[in-house]
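Trainee: This is the structure I have questions about; it appears just below.
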Amino acid sequence: MARASRRRPLPRTALAGLATITLLAACTSDVQNGHGALAGSASAPSSTPAPAPSAGSAPVPAQSPADFADCSDRINISALGLPAGRQARLSFDCAGIAVPLDYAHPNGETVKLQLIRVHDSANTSSTGSLLVNPGGPGGSGVELALGLAGQISETVLSHFDLVGFDPRGVASSSPIECLSDAEKDRLNAAAPDIRTATGFAQAKRLARTVADECSAKYGKDLADYNTVQAAKDMNQIREAVGDKQLNYLGFSYGTELGAQYAHLFPGTVRVAVLDGAVDPLTDDITSFADQLQGFEGAFDQFAAWCRQRSPCNRVGNPRQAVTRVAADATTAPIHSSAPGETRKATSSIVYTGVLSALYSQSRWTDLGQALLDAGNGDAKGIFALADDYNQRYHGHYTNISEANTTINCNDSKPGPSDATIRATARSWATRFPLFGLWSAPSLFSCQQWQPQRTVPPLPTAPTPNQILVVGNLHDPATPYQGAKDLARTLGNAELLTWDGEGHTSYLQDSTCVDDYVNAYLVRGKLPPAGTTCPR
């Protein structure tokens, strides 16, 4: 069953491969799992007593400085892909800070945020920190900072400390955890056809189960895990690391988070790069449909590539190959030859694997081989792609699914109605022949969610310095129109365009994009208006 989300129905860490960057142990405590989640984080807001809020609107208390401590001996540095000579210059420090659960009651309950700081000894600049977010919602900023340590340019590292944070509810920051691994396996394998009465009822029941389990565990506090609260957390982080102004790099959903920050705190923004923009002007269903159209187009790009390359060209017509494999999986789920694997791939797992590969052209070879193998009765490759998307590692999931649903649903208006879901499913089955029907059950995800919502305001931002929005003409997950709309809505922003493939643009093998972004981050120098970088 496709995972729904308000802005990111197709969530994934923005930069390919960063999910493999891991902490061997927590920055402040023990390992939770093998993919970077920090153990010891509270699964609910801290219950530490705090003074009752005063009458009226209480000001947010000044944030205490983050107490960073060296955690380099607990990081799998060999997995970071650091360039020669860089490792000896880098230090890795971790800290946790407490922030208000609800900024309307700033002296009440708190949540803990996990931070990591990567410092280059060559950095003698007073520019401060570069705060980073990978998207999702639900992606780990701690892992992103570690991944960027090996990818970002020497110029940037010599001017900024990289500061990554897991947003509230994500990974190691008071993570929302409602479902067992077994429940997630069942949800991801489910493939109800909601055009039928049976499928409609099944999809609605599955969504209700998730909503009920999360509400039962977190109660009224669940509503405070939303984008507006998280944007306010970013200002507390800025204070905690001692920066007078914010320097920010956000990918995908991270553009929405950064835009909300700029809306709330425009005077504190020095530079902000928003890459792979979430469109602030579209409603939820339209945004979802725009993404599906983007992925249909991305599959066509893959199909043209596949026909020209061996062994991928042995699948024949790629669309027909996917449809055939999915139909076979519906009739008889497909076994996997992976050692110890007991799951069988349903049609939902097939479509998830296909979609996962479309985030980056570097996965197209894997997709071609996976389709060949699945056609011969082996779903090993399909599961590898689907598990990467779902963040299932060694049999265990991160909490990206719960975090994604929680944040997106808390950000959305109540709905949609059953009638709207039925009509949309019928439309999508025709408009998006590969992914439409598979994605339609996700329309239920927020319908039965807790009702206290915080819809982010339109992110107008009269910042003293221009924001740089980066858009990829062929981005399937955040279509290019979103970058145009965000730049226009912010009001003091410039758009940099890349004629590329895949999701996001920076650090995706475009020297043109990277050079312009680096110059903006370091010197505040914007590219010429209307710049489009070639492939």
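The values are calculated or read from the model by the stated rules, or taken from the named source; none is laboratory data. In this text the structure is predicted, and so the values were computed from the model without any measurement. Here the Cβ is made from the backbone with ideal geometry for all residues, glycine too, and neighbour counts use every protein chain on show. Surface accessibility is based on the protein's heavy atoms, side chains included, excluding ligands, DNA and RNA. Shrake-Rupley method; radii C 1.70, N 1.55, O 1.52, S 1.80 Å.
Trainee: I need the full set of residues from segment 152-192 which are part of a loop (DSSP other than H, G, I, E, B) and aliphatic (A, V, I, L, M), in order please.
Mentor: Quick first cut of segment 152-192, residues part of a loop (DSSP other than H, G, I, E, B) only: 152-153, 158-160, 167-180, 190-192.
Within segment 152-192, ILE152, VAL170, ALA171, ILE176, LEU179, ALA190, ALA191 qualify.
Trainee: In segment 194-206, how many residues are under 17 Å from SER445 (Cβ atoms), open to solvent by 10 Å² or more (accessible area, probe 1.4 Å) and either of a type outside the set (D, E, K, R) or not in a helix (DSSP H, G or I) (or both)?
Mentor: To start, the set of residues in segment 194-206 that are under 17 Å from SER445 (Cβ atoms) comprises 194, 199-206.
Subset that is open to solvent by 10 Å² or more (accessible area, probe 1.4 Å): 200-202, 204-206.
When the remaining residues are screened for being either of a type outside the set (D, E, K, R) or not in a helix (DSSP H, G or I) (or both), the result is 200-202, 206.
Adding up the residues that qualify gives 4.
Trainee: Considering only segment 246-273, state which residues are of a type in the set (Ser, Thr, Tyr) and over 25 Å from HIS474 (Cα atoms).
Mentor: TYR261, THR268
Trainee: Continuing with this model, one more query. Is it the case that segment 378-386 has a residue that's closer than 30 Å to SER412 by Cβ and touching a residue at least 24 places away in the same chain (Cβ under 8 Å)? Talk me through it step by step, then tell me what you get.
Mentor: Here is the first cut: in segment 378-386, the residues closer than 30 Å to SER412 by Cβ are 385-386.
Imposing the further condition that a residue be touching a residue at least 24 places away in the same chain (Cβ under 8 Å) reduces the set to 385-386.
Yes - at least one qualifying residue is present in segment 378-386.
Trainee: Would you check if there is a residue in segment 226-238 being over 23 Å from the mean Cα position of the chain (by Cα) and either open to solvent by 10 Å² or more (accessible area, probe 1.4 Å) or at positive phi (or both)?
Mentor: Taking segment 226-238 and keeping what is over 23 Å from the mean Cα position of the chain (by Cα), we get none.
Looking for residues that are over 23 Å from the mean Cα position of the chain (by Cα) and either open to solvent by 10 Å² or more (accessible area, probe 1.4 Å) or at positive phi (or both), one finds none in segment 226-238, hence no.
Trainee: Which residue, of ALA477, ALA440, is closer than 17 Å to TYR359 by Cβ and hydrophobic (A, V, I, L, M, F, W, C)?
Mentor: When all the criteria are applied, what remains is ALA477.
Trainee: Moving on. What pairs come up if the first residue lies in segment 358-371 and is within 14 Å of ARG309 (Cα to Cα), the second is part of a loop (DSSP other than H, G, I, E, B) and charged (D, E, K, R), and their beta carbons are under 6 Å apart, counting only those six or more places apart or on different chains?
Mentor: What qualifies is GLN361/GLU501.
Trainee: A further question follows. Run down ASP373, ASP378, ASP328 and say which single residue is over 30 Å from SER505 (Cβ atoms), in contact with a strand residue (DSSP E or B) (Cβ under 9 Å, 6 or more places away or on another chain), open to solvent by 10 Å² or more (accessible area, probe 1.4 Å) and assigned to a helix (DSSP H, G or I). Let's see the steps before the verdict.
Mentor: Values: ASP373 fails: in contact with a strand residue (DSSP E or B) (Cβ under 9 Å, 6 or more places away or on another chain); ASP378 fails: assigned to a helix (DSSP H, G or I).
Answer to the selection: ASP328.
Trainee: Can you pull out the residues in segment 483-535 that are surrounded by 15 or more Cβ atoms within 10 Å (Cβ to Cβ), of a type in the set (Asp, Glu) and within 26 Å of PRO464 (Cα to Cα)?
Mentor: Across segment 483-535, the qualifying residues are ASP485, GLU494, ASP514.
Trainee: While we're here: Can you find even one residue in segment 222-230 that is touching an Asp or Glu at 6+ places or on another chain (Cβ under 7 Å) and of a type in the set (Val, Ile, Thr)?
Mentor: Taking every residue of segment 222-230 in turn, at least one turns out to be touching an Asp or Glu at 6+ places or on another chain (Cβ under 7 Å) and of a type in the set (Val, Ile, Thr).
Trainee: Every residue in segment 260-277 that is touching a Phe, Trp or Tyr at 6+ places or on another chain (Cβ under 6 Å) and part of a loop (DSSP other than H, G, I, E, B), please.
Mentor: GLY276
Trainee: Among (1) open to solvent by 20 Å² or more (accessible area, probe 1.4 Å); (2) assigned to a helix (DSSP H, G or I), where does THR405 come up short?
Mentor: THR405 satisfies every listed condition except (1).
Trainee: Just checking, which of ASP275, ASP243, ASP221 is in contact with a Pro (Cβ under 8 Å, 6 or more places away or on another chain), of a type in the set (D, E, K, R) and open to solvent by less than 30 Å² (accessible area, probe 1.4 Å)? Show your work before the answer.
Mentor: Working: ASP275 fails: in contact with a Pro (Cβ under 8 Å, 6 or more places away or on another chain); ASP243 fails: in contact with a Pro (Cβ under 8 Å, 6 or more places away or on another chain).
Only one candidate passes the filter, namely ASP221.
Trainee: Do any residues in segment 101-126 that are touching a residue at least 60 places away in the same chain (Cβ under 8 Å) and at negative phi have Cβ atoms under 9 Å from those of residues that are in a strand (DSSP E or B) and aromatic (Phe, Trp, Tyr), where the two are at least six apart or on different chains, and which pairs are they?
Mentor: LEU113/PHE165; GLN114/PHE165; LEU115/PHE165; ILE116/PHE92; ILE116/PHE165; ARG117/PHE92
Trainee: Being within 14 Å of ASN376 (Cα to Cα) and among the charged types (D, E, K, R) is the filter here; which residues of segment 305-321 pass it?
Mentor: ARG314
Trainee: Would segment 347-366 turn up any residue that is touching a strand residue (DSSP E or B) at 6+ places or on another chain (Cβ under 8 Å) and either among the charged types (D, E, K, R) or more than 24 Å from PRO433 (Cβ to Cβ) (or both)?
Mentor: No, segment 347-366 contains no residue that is touching a strand residue (DSSP E or B) at 6+ places or on another chain (Cβ under 8 Å) and either among the charged types (D, E, K, R) or more than 24 Å from PRO433 (Cβ to Cβ) (or both).
Trainee: Could you go through segment 250-259 and let me know if any residue there is assigned to a strand (DSSP E or B), under 17 Å from the mean Cα position of the chain (by Cα) and at pLDDT 95 or above. Please lay out each step first, then the result.
Mentor: The initial filter retains those residues of segment 250-259 that are assigned to a strand (DSSP E or B), namely 250-251.
Imposing the further condition that a residue be under 17 Å from the mean Cα position of the chain (by Cα) reduces the set to 250-251.
When the remaining residues are screened for being at pLDDT 95 or above, the result is 250-251.
Within segment 250-259, one or more residues are assigned to a strand (DSSP E or B), under 17 Å from the mean Cα position of the chain (by Cα) and at pLDDT 95 or above.
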